């Protein structure tokens, strides 16, 4: 009986030591998750070089009910590396131009749609697509676009821009599109809960 108690005490000590080393058990799993998603050195460098890229305070998103959102040639599509949602320098520049357009057109509601290539599971790609859309939305907010006018959605791998099984085609599918609609077009949308 005393041996079992000593074994339990030793196990608890090891768990507590791991918690202290990791700064809390959740930070250990977060670091592993960030590495798995491909948000490693390139994202850290992007965040260090572009302080505005740090995640924004969570703001209620716009409703996506009602009329369809459409693409417009004035808003650039953002492309991502394989298995990553890090915004590269060229993406940040394109998003600055997109944000300027959106701030000049305050009558528009915005939907950022995240997409992935055909590789990986449906669940994983839905999550990755959402992270891509959320990263774009947060950067727009940092640039002064009102958060309550920007919503996000993930299509994962379900809406490819290209269907070939080549790297060139896959690179076109790893994207976030900024779509818009007029606020008056959504005026007929149902009101109330927007979950």
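Extension gain, residue 161-residue 100: 0.36 nm per intervening residue step, less the Cα-Cα distance, totals 19.4 nm. Simple spin-label estimate for residue 74 and residue 122 gives 3.8 nm between the two label positions (7 Å along the Cα-to-Cβ direction from each Cα). Once the gyration tensor of the Cα atoms in region 72-147 is diagonalised, the equivalent ellipsoid follows with semi-axes of 24, 13, 11 Å, ordered largest first. Note on residue 172 and residue 65: the extension gain reaches 35.8 nm, defined as 0.36 nm multiplied by sequence separation minus the Cα-Cα distance.
Since every read-out is calculated from the coordinates, none of them should be taken as a lab result. Bear in mind that the values here come from a model prediction, so they are computed numbers and not experimental data. Counting neighbours? That spans all protein chains shown, and the Cβs are built from the backbone with ideal geometry, glycine included.
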